[in-house]
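The values are calculated or read from the model by the stated rules, or taken from the named source; none is laboratory data. Here the structure is a predicted model, which means the values were calculated and not measured. With ligands, DNA and RNA removed, areas are computed over all heavy atoms of the protein, side chains included. Shrake-Rupley method; radii C 1.70, N 1.55, O 1.52, S 1.80 Å.
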Amino acid sequence: MKELIEIEYIRKHVLYQECYRRLQKAEEGRIFCRHAMEHFIDVARIAWILNLEQDFRIRKPVIYGMALLHDIGKYRQYEEGYPHEKASVEIAEIIFQDLPALTFTEEEKQGILTAIQSHRVQQNVCIDQAKNTNLSDILSWLLYTADKKSRACYSCLAEKECNWTIEKKNMEIEI
């Protein structure tokens, strides 16, 4: 139950709620991938599965917190042309300041922030050596991978109109 509380601190934070509302308003009528709670939770669940499969032993609140925060600044990209990964990091830093002290360790916070900042760049973590890799690199790999796998381009009605390259699109169900 404690894990749920940690994530709810983020989701219920006044700044998170405001940013989420602005993001949903900015994406009204968008035919391409949307950045709603379903996307955030899909990313979290896929990252959690990858975490379990690779035996990284990262705590569930770290993965879910990272997923909830990774695109929360996207509305600023729409409104101002400001890169959403930078905006999301700035928002996460403010939210982290308001969280109870025992929610995340400093290493976990830094890992989340690093992963959010780099989630649009393919991560080349050698899974076989991940136990010797720092938390930031593992979280970055998990977030990038889960974010891409969460997109069902193979069944999207707007896939032909999407400006993503074919290499970036998720065109098959991966197991």
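In a Gaussian network model over the chain where Cα atoms closer than 10 Å are linked, find which of 134, 163, 51 has the largest mean-square fluctuation. For the chain, modelled as a Gaussian network with Cα springs under 10 Å, the answer is 163.
Taking amide H positions as modeled 1.01 Å from N, with prolines and chain starts lacking one, no residue 5 or more places away or on another chain lies under 5 Å from residue 156.
State in Å² the accessible area per residue of the chain; use a 1.4 Å probe, count heavy atoms of protein chains only, and round to the nearest integer.
56 Å²
Does the chain come out rounded, prolate or oblate by the C-alpha gyration tensor, with a ≥ b ≥ c the root eigenvalues, rounded set by a/c under 1.5 and, if not, prolate when a/b is larger than b/c and oblate if not? Since a/c reaches 1.5 but b/c is at least a/b, the shape of the chain is classed as oblate.
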